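Below: the structure, in structure tokens.
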Amino acid sequence: MTTLRRILIITTLLLVIAACATSPTGRRQLMLVSEESSIASSKQAYVATVNELGAEGKIEDDAAINQRVNTITGRLITEAIKMRPETAEWEWSVVVIDDPEMVNAWCMAGGRMALYTGLLEQVQPTDDELAQVMGMKYRMHWRHTPPRRCPCRWRPPWE
């Protein structure tokens with residue numbers, strides 16, 4: 001093996017070891033992007049997305065729906081802060097997107113989330129069921145763990 005090749009292998013191993021971090025739950029994982037960087041990027045993307053949806057008139061304005069979602073979100077935030085006190089500093093936000101065909105919800109780092117009216121109208125979840133969906137979406141950001149499934153067909157070797 002050449003000296004250059006050895007140097008590259010050792011450098012790569014050192015970078016991987018340096019990128020390993022311990023999550024708040026004590027789990028060791030590879031962290032190529034810091035939580036702070038992820039939160040900052042998510043904030044920009046979330047604001048841009050919400051502004052665009054607002055300009056298109058796609059933000060739900062039904063007071064009862066928004067109150068229900070905000071009440072559930074408030075309860076989840078309370079639990080998140082108990083689990084990870086530093087999340088009290090996050091700029092928590094949830095928006096309901098008016099799209100009756102889309103049965104989905106999503107979350108970004110830093111406590112920013114959206115859910116679609118299709119989830120509420122087609123599934124008609126109870127408050128507990130909706131809290132489970134929202135809590136699952138927030139989970140990876142509360143614990144700062146990466147998603148377990150890759151959005152593509154490739155699966156990471158740890159699955």
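The values are calculated or read from the model by the stated rules, or taken from the named source; none is laboratory data. Just so it is clear, the model here is predicted, and its values are computed rather than measured. Cβ placement follows ideal geometry from the backbone for every residue including glycine, while neighbour counts extend to all protein chains displayed.
Go through the range 1-115 and tell me which strands (runs of 3 or more DSSP E), entirely inside it, have 3 or more residues that are closer than 26 Å to residue 132 by Cα, assigned by TED's automatic domain parsing to the domain that holds residue 129 and modelled with pLDDT of 95 or more.
By residue number, 93-97.
Quick one: in the range 74-121, of everything that is of a type in the set (S, T, N, Q) and closer than 23 Å to residue 54 by Cα, which residue is surrounded by the fewest Cβ atoms within 10 Å (Cβ to Cβ)?
104
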